[in-house]
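Report on the following structure.
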Amino acid sequence: MGTISRRTFLGSAGSLGAATVLADGLGRVVHADRPVTFSGWVFKPDTVKDYVTFYNQKFGGQVKYEPLPWVQYHPTMETRALAGEVVDVMYCVHNNRQRWYENGLIRPMDDLPGVDELKKKMTPANLDSLKSKDGTKLLGLPYFTSLFTLIYNEPMLQQAGIKAPAKSWDELVEHCMKLKKDKISDTPYLPNWSHGPSETMPQFMSDCFSEGAQVFDAKNHLIVDQEPGAARAMERWQKMYKAALVNPEVLTKTSSTDVHRLFWTGRYAYHTNHSYYLKTIAGEPQNSKLAPKKARMAMYPGTGATYMWTDSYVVNARTKTLDDAWKFARFLGGNLNGDWYVQRQWCLIAGLDNPYPEMYDHPEVVQSYDRWVDLGLLREQTRKGKVISAYKEPWYAEYDTKALAIVHDIIRGGATVPKGLKQLASLQKSLA
Amino acid sequence: MTLGIRLSEGRFALLLVLPALLGIFAVVLFPLLYSLWLSFTDVNVLRTSGPVIELFGVRVPLFRWVGLQNYVTIFHDPLYWSSLWRTLYFVGAFVLEATLVGLGMALVLNERFAGRPLMRSLLLIPWSLSRVVVGLLWIGILDFEFGAFNGLLYNLHVVDGSIAFFKDGFSALNVLVSVYAWNQAPFAALLFLAGMQSISADLYSAAEVDGAGYWQRFRHLTLPALRPILFLVLVLATVNGFLMLDLIYVLTMGGPGHDTTTVSWLGFQTAFTFFKFGQGTAILYTLTALCALLTLVYHRLIVARPEPAA
């Protein structure tokens, strides 16, 4: 075996050291290009995959998308964060955003390039909705916005000789009474009184707003027990339930989606639900007996104000690829290189309402909406959408779930309206 | 070739079962102990306040110890108590229904008749279905708007409008009991049938010779022989009844109001909707304690009771 000289040894060691440093440097380049991970709850996952493919091809991205079931989406993301996993870009429902921000899971976006332009383009209500509780930070970019709308079955009203949809709640009750009496519909009214976080309670808030009532004060205290409009709304619900104008099983339907599908049958006259459901009700003849455009939207009765919310795309606070993650988030929730591709596609494919008004100037969007809704009326309704900030409070999820049971009791006559509204206020107070 | 290591029989046996024991520790005992620990802590999975241990490279946060606070909080919540009484009703009705129907099916399938093998195979179908599928299937049958059963009654002119099976809480709760019994009774039937098959036919022949009728043979021969099986069926049905969650999720979501909210549903909601994992696990541990208690009661009543003198 030959010996190596001191010079050879030092030379080799030096080369090895240099190679190591270079290899590390190369590794860093690879790190900078590492994939952006992206998760969302399941809603049209194939469409989302198409967006991701489009982005990866057009913008040279390396986005890896993983859809998760809606029910366990937020707990799953939290437990993954607990295990140290970093998902760079995520969906986040409106009433979870503040929690994620306060606990350091997501970062504010105000310092990111181009965000000021997006803020200016958004409607103020949606922008408020996306901000932190103190109103100083933007926590997400919009996935979609929605609000409660009133939908009516035009052929059924015509059959009953009713010339125009109800403009007031009293008129709506009167129409329903007539339709039941004339045996045109067993249960003419289909409210979204089902079980779940985006159902009975948003419907409750919508009806309170439409009666001119406030639900929460500026400090997010529940004040419905002091609002005559809230009592009027609840008395009407009780009356309609007692008169069997409502399908009683709506109370155990497990989602808004299940409820809106009932309206497809054409056996109901009026329906109140999220605005985007009108697309399948009035625009999909393969599913709904009320398409095309036999179901129509009317302005929400009373003041016309209804509950509006904005769900979002958020960026992980611990992302190692902030530039790439932000670029992708902007592709999803805003415009990238001036193109609102994803925002526009959601309008076209699913009829999801959009917080950027200029979306509705696009000819393709106008033409698409025209197939199932009066876009002008929808825009007018959207302007009357009211956002709250109470959902940014840590107690909101528990309040929302437990309040639902109290409201169901009021509907079914298990509690008087004043007593039920007082119970709601006490519940909120006990959790706050 | 030998390794030259001499092991006693006991140690050799322990060595053989060690991999299985480690597996059981990893997938059963550790989660059980960890969740018990969580029930005494203030858990916020996004902000791990408290010590952290590392197990085989896995970071396990221990969270902030709050002692019995979670248990005190849930015991002061009226919703917990109303859910508990509802759960006891649900479990009682379900155990009774599943056991009686299972026993009835087993008695029928123990007799000789044409098509018995086919019937025994068909018996298992409801049990083999995923409970989400079972829930959706029964929505299709019982739904107010498009349910097949309502359609049948209407076409037979039995009713002139649809029956709302989920209209009020008590009715919805009983529908849940029956649907779950439909799903679980076949398994009870299978266990009872296996028990019946192991009873010697000579005993029945002897009883017949002695003039015992069907009811007497059942009362004095079949039932005593099925006692260990009955214990097993009751324990399994009770545990399954207490823990049932998926059917509630698919059929009622705990509503209308809280009328079908059981303790397991409340625990699930507390942990995964309100993100109060400490309280959620505390709620579910009260169920574990109840299950253990009832198992002891069953054991005392059924297995430990001395055989009656012949």
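Below are the figures for this structure:
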| read-out | value |
| --- | --- |
| From the options A:LEU251, A:LEU262, A:LEU172, residue that is more than 14 Å from chain B (Cβ to nearest Cβ) and either among the hydrophobic types (A, V, I, L, M, F, W, C) or not in a helix (DSSP H, G or I) (or both) | A:LEU172 |
| Qualifying residue in region B:283-293 (condition: of a type in the set (A, V, I, L, M, F, W, C), more than 13 Å from chain A (Cβ to nearest Cβ), within 28 Å of B:VAL43 (Cα to Cα) and part of a loop (DSSP other than H, G, I, E, B)) | no |
| Of all residues in region B:239-263 being touching a Ser or Thr at 6+ places or on another chain (Cβ under 9 Å) and surrounded by fewer than 21 Cβ atoms within 10 Å (Cβ to Cβ), the one that is farthest from the other protein chains (Cβ to nearest Cβ) | B:VAL239 |
| A:GLU199 buried (at least 24 other Cβ atoms within 10 Å of the Cβ), not hydrophobic (A, V, I, L, M, F, W, C) and not assigned by TED's automatic domain parsing to the domain that holds A:ASN95 | yes |
| Subset of region B:186-224 [touching a Phe, Trp or Tyr at 6+ places or on another chain (Cβ under 9 Å) and hydroxyl-bearing (Ser, Thr, Tyr)] | B:THR222 |
| Qualifying residue in region A:146-165 (condition: charged (D, E, K, R), not assigned by TED's automatic domain parsing to the domain that holds A:CYS347 and not in a strand (DSSP E or B)) | yes |
| Among the candidates A:LYS402, A:LYS392, residue that is within 19 Å of the chain's Cα centre (by Cα) and either basic (Lys, Arg) or surrounded by 21 or more Cβ atoms within 10 Å (Cβ to Cβ) (or both) | A:LYS392 |
| Enumeration of residues in region B:146-192 that are away from chain A (no Cβ under 14 Å), assigned to a helix (DSSP H, G or I) and more than 30 Å from the chain's Cα centre (by Cα) | B:LEU152, B:LEU153, B:ASN155 |
| Residues of region A:59-71 that turn out to be in contact with an Asp or Glu (Cβ under 9 Å, 6 or more places away or on another chain), at pLDDT below 95 and outside any loop (DSSP other than H, G, I, E, B), as a count | 0 |
| Residues that are more than 9 Å from every other protein chain (Cβ to nearest Cβ) and touching a Leu at 6+ places or on another chain (Cβ under 8 Å), drawn from region A:396-409 | A:TYR399, A:ALA403 |
| Scan of region A:305-354 for residues that are closer than 30 Å to A:ARG371 by Cβ, part of a helix (DSSP H, G or I) and of a type in the set (A, V, I, L, M), ordered by number | A:LEU332, A:VAL342, A:LEU348, A:ILE349, A:ALA350 |
| Selected residue [under 19 Å from the mean Cα position of the chain (by Cα) and assigned by TED's automatic domain parsing to the domain that holds B:LYS167] from B:LEU118, B:LEU107, B:LEU103, B:LEU136 | B:LEU103 |
| Residue match in region B:264-276 (condition: crowded, with 19+ Cβ neighbours inside 10 Å, in contact with a helix residue (DSSP H, G or I) (Cβ under 7 Å, 6 or more places away or on another chain) and farther than 17 Å from A:GLU398 by Cβ) | yes |
| Matching residues in region A:197-255 - criterion: being more than 25 Å from the chain's Cα centre (by Cα) and of a type in the set (Asp, Glu) | A:ASP225, A:GLU227, A:GLU235 |
| Any helices (runs of 4 or more DSSP H) falling wholly within region B:1-111 and containing at least 1 residues that are of a type in the set (S, T, N, Q) and surrounded by 12 or more Cβ atoms within 10 Å (Cβ to Cβ) | B:30-38, B:69-75, B:78-109 |
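The values are calculated or read from the model by the stated rules, or taken from the named source; none is laboratory data. These figures come from a predicted structure and were not determined experimentally. Cβ atoms come from the backbone with ideal geometry, glycine included; neighbour counts cover every protein chain shown.
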